[in-house]
Amino acid sequence: ALILWQAIALAGGLSMIGAMLTWGLVPLGDNLLAGLRGLAALLLEPPADHGLDPVHVFALSAALLLGVHLVFTLLLTYLRIRKQRNRHRDLLNLLSSPSADSPATLVISHPAPVAYCLPGGEGPVTVLSEGLLELLCPQELDAVLTHEQAHLSQRHDLLLLAFAAWRTALPWLPTSQLAQRAVSELTEMLADDAALRTARRETLVRAIAVVASGERPTGAAAAPVASLSGSAEADAASTAHRLRRLLTPQPALPAAGQCLVALGAVLLLSVPTVLLIAPGLAG
């Protein structure tokens, strides 16, 4: 699912830019490559009558501006998040202390159960609260630590950064909002899977319930309302999906199905591109 979402995001951006670019190049060539060659010649030696009317000039300008907007928004999002993380790290240096039992783990003095990871900076760290340590048994704490370390080792922060930039660049596009929520939920599920390699399923469910509710669950039906990692994007509905997946596990997708998903992602990107370029290559 994450592979497909990345392919959808890339294909969406390329399609919006490519559609306006192809439309704007119509007067300069019979196909995309011929139009690009015509545009290059036009920029090098502008003729008196270039054949471009205001509508096609607008389309070309829009394609250029959208491409610059997407790249620039990605850069600004990276710089903004990096600044926030550096400030957060400075606050942690003042308000936290190293864990005596877990490496690269900081403990903050706060009664609420908190667990999250912070990548980058002087090195990735996992942050726990004293309130969480008081509520969790050792097995549940190990499950939480493994969950957060999976976020760091699998670099989920890079995925979330890219989709946050997409939503910032195109906030009016419903797909960008849906994609950011879905990717956030899927990264939580990947971290859950990593925790299940060393922890019992019931232990992980109890740990999620403790983090969410702030108290020991009184029954198997105790439902969390927040993400194990404290992500703002993982709301109650997302957590419910994660719990349902943990409590009623489904068979793993077979190797053939995984290959089909990967093939679908590749085709989503390659087929429109090939269809646009093929006429120019065929002469």
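Can you name every residue in the range 168-211 that is open to solvent by less than 60 Å² (accessible area, probe 1.4 Å), part of a loop (DSSP other than H, G, I, E, B) and either of a type in the set (Lys, Arg) or out of contact with any Leu (no Cβ under 9 Å at 6 or more places or on another chain) (or both)? Leu173, Ala199, listed by residue number.
Scanning the range 235-266 for residues that are of a type in the set (A, V, I, L, M, F, W, C) and open to solvent by less than 80 Å² (accessible area, probe 1.4 Å) yields a total of 10.
Which residue out of Leu135, Leu65, Leu76 is hydrophobic (A, V, I, L, M, F, W, C) and modelled with pLDDT under 95?
Leu135
Return the pair list, or none, for Cβ contacts closer than 9 Å from residues in the range 103-129 that are surrounded by 19 or more Cβ atoms within 10 Å (Cβ to Cβ) to residues that are among the aromatic types (Phe, Trp, Tyr) and assigned to a strand (DSSP E or B), at least 6 apart or on different chains. Pairs found: Thr126/Tyr116; Val127/Tyr116; Leu128/Tyr116.
Out of Val266, Val225, report the one residue that is among the β-branched types (Val, Ile, Thr), at pLDDT 85 or above and within 22 Å of the chain's Cα centre (by Cα). Val266 is the lone residue from the list that is among the β-branched types (Val, Ile, Thr), at pLDDT 85 or above and within 22 Å of the chain's Cα centre (by Cα). One residue stands out in the range 130-151 among those that are touching a strand residue (DSSP E or B) at 6+ places or on another chain (Cβ under 8 Å) and within 15 Å of Ser96 (Cα to Cα): the one that is least open to solvent (accessible area, probe 1.4 Å), namely Leu132. Within the range 53-80, the residues that satisfy the criterion of being open to solvent by 30 Å² or more (accessible area, probe 1.4 Å) and β-branched (Val, Ile, Thr) are Val55, Val57, Val68, Val71.
The values are calculated or read from the model by the stated rules, or taken from the named source; none is laboratory data. For clarity, every value in this text was computed on a predicted model and none was experimentally measured. For neighbour counting, all protein chains shown are included, and Cβ atoms are generated from backbone atoms with ideal geometry for every residue, glycine included. Note: areas computed on protein heavy atoms with side chains; ligands, DNA, RNA excluded. Shrake-Rupley method; radii C 1.70, N 1.55, O 1.52, S 1.80 Å.
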